[in-house]
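The values are calculated or read from the model by the stated rules, or taken from the named source; none is laboratory data. Because the structure is a prediction, the values reported are computed rather than measured. Here the Cβ positions follow ideal geometry from the backbone for every residue, glycine too, while neighbour counts run over all protein chains shown. Remember, those area values only see protein heavy atoms, side chains included, never the ligands or the DNA or RNA. Shrake-Rupley method; radii C 1.70, N 1.55, O 1.52, S 1.80 Å.
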Amino acid sequence: TNTLRGSALVKTYPGAEATPALDGVDLTVTSGESVAIMGPSGSGKTTLLHVLAGVLAPTSGQVVWRGRDLAAMGDAGRTRLRRTDFGFVFQSGHLLPELPAVENAALPLMLSGVSRREATRRAEALLAPLGLSGLSARRPGELSGGQAQRVAIARALVCEPGVVFADEPTGALDQGTSAEVLEQLVTRCRAVGASLVVVTHDENVASWCERTVRLRDGRIVSDARTTR
Ligand code: ADP
Ligand code: ADP
C-alpha cells in the first residue's frame, strides 16, 4: 500500500554536527492522508520534507515507501521514484515561461514518454476542476500568482503520484488567494487518492489537512488529528 514511513531520522549538516536539523523523527504517512508540517523557522521542516522525498539522504534512519527502503534504490531508483510516485509543488510555480499552462502541467508526462496529445488531454482533465479550463492556452506570465500555483498543482498530480510534497506552496501569495489554493491542493490530492505532505507557516493549512505535525529543534513536539 501507499505508506511512507520515516523511522529514527537524523540529519546533521556539515559543520553543524552538534545541532542536528532532524534529531530522531518518526513519521508515517498513510495512504491518502494529508499532513501539515509546522514549526518555527529553522525547526527542520524543509529538511524533513526533502528526506522523506528522497531528495536528501538522512545521516541515519530510514525512509520506506511501499515497503522499499529508499537507501537501497540507488540514485537512479530514487530519481525514477521522484518522477513517477511523487509529485512536488514549490513556493513559486517553477513553471516554464515559454510554455502554455496546459503544456506546463503535461510536461512530466511527456518527459516520461507519453505522447503530447495524450499528456495534454490528461493535463486538461486536471486543470478543469482547478477552474483553469479557459486559461490552459495562457503562458505563466499571463496568469495570476494563484492561477500559476494551480497549474503547479495540476503538474504535481499529472503522473498520478502516491504522495505530493509541497514546501510553502502559498508562501508567495496573499492571504485570500493562499486559502483558496490550499483548499484546492488538499481537495485535489484527496480526489485522486494522493497523500499530501505540506510544509507551511499558515495555521489555516492545519484546518484543511487531516493531521498537523509540529517540529521544534528537529524533533516532533506534537502530532494531532484535525478536529472539525
Ligand atoms: P525549516 O524548514 O523549519 O526552516 P530547515 O530544515 O530549513 O528548517 O533547517 C533546519 C536547520 O538546518 C536550521 O538550523 C538550518 O540552518 C540548517 N540547515 C538547513 N539547510 C542547511 C544546509 N544546506 N547546510 C547547513 N545547514 C542547513
Ligand atoms: P547506491 O547508489 O550504490 O545504491 P546508496 O543508495 O546507498 O548507494 O547511496 C547513494 C547516494 O545516495 C549516497 O550519497 C547516499 O548518501 C544517498 N542516499 C542514501 N539514502 C538516501 C535517501 N533515503 N534519500 C536520498 N539519498 C540517499
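Given the DSSP H assignment, sum -39500 (n - 2.57) over each helix run of at least 4 residues in the chain and divide by its residue total; what's the result at 222 nm in deg cm²/dmol, nearest 500?
-10500 deg cm²/dmol
Which value, in debye to the nearest 20, gives the size of the charge dipole of region 75-166 about its Cα centre, when Lys and Arg are +1 and Asp and Glu are -1 at the Cβ?
80
List every residue whose amide H lies under 5 Å from the amide H of residue 199, counting only residues 5 or more places away in sequence or on a different chain, with H placed 1.01 Å from N in the peptide plane.
Amide H neighbours of residue 199, under 5 Å, 5+ apart: 37, 166, 167, 168.
Can you give me the span-like helices of the chain, meaning DSSP H runs with 20 Å or more of Cα extent along the axis and Kyte-Doolittle mean at or above -1.0?
175-192
I need the phi-derived Karplus couplings for region 34-40: 6.51 cos²θ - 1.76 cosθ + 1.60, θ = phi - 60°, integer Hz, Gly and Pro marked x.
3J(HN,Hα) across region 34-40, in whole Hz: 10, 10, 8, 9, 10, x, x.
Going 7 Å from the Cα of residue 192 along its beta-carbon direction, which residues of region 82-123 have the amide nitrogen within less than 12 Å of the resulting point?
Label zone hits: 84-89, 105-109, 122-123.
Considering only protein heavy atoms, with the full assembly of protein chains and a 1.4 angstrom probe, order 7, 92 by accessible area, largest first.
Heavy-atom accessible area, descending, gives 92, 7.
For residue 115 and residue 17 in the same chain, what is the full-extension length gain: residue separation times 0.36 nm, less their Cα-Cα distance, in nm?
Full-extension gain reported as 30.5 nm.
Within the chain, what whole-number % of the accessible surface is contributed by carbon and sulfur, with the 1.4 Å probe and all protein chains included in the calculation?
C and S fraction of accessible area: 50 percent.
Using the Cα gyration tensor of region 1-85, with a ≥ b ≥ c the square roots of its eigenvalues, what is the shape: rounded (a/c below 1.5), prolate (a/b larger than b/c) or oblate (neither)?
Because a/c hits 1.5 or more and a/b fails to exceed b/c, region 1-85 counts as oblate.
About the Cα centre, and with charges only on the beta carbon of Lys, Arg (+1) and Asp, Glu (-1), how big is the dipole of the chain? Nearest 20 debye, please.
Dipole of the chain, to the nearest 20 debye: 560 debye.
Place a point 7 Å from the Cα of residue 96 along the Cα-to-Cβ direction; which residues of region 139-172 have their backbone N under 13 Å from it?
140
Over region 145-185, what is the relative contact order in percent, taking alpha-carbon pairs closer than 8 angstrom and at least six residues apart?
Value for region 145-185: 55 percent.
With a ≥ b ≥ c the root eigenvalues of the C-alpha gyration tensor of the chain, is it rounded (a/c under 1.5), prolate (a/b larger than b/c) or oblate?
prolate
Where only protein heavy atoms count, and the probe is 1.4 Å, what is the accessible area per residue for the chain in Å²?
Value returned for the chain: 46 Å² of accessible area per residue.
Build a GNM of the chain with springs between Cα atoms under 10 Å: which of 14, 58, 108 gets the top mean-square fluctuation?
Taking springs between Cα atoms under 10 Å, the residue moving most is 14.
For an R0 of 30 angstrom, estimate the FRET efficiency from the Cβ-Cβ distance between residue 216 and residue 30 and round to the nearest 0.05.
About 0.80, to the nearest 0.05.
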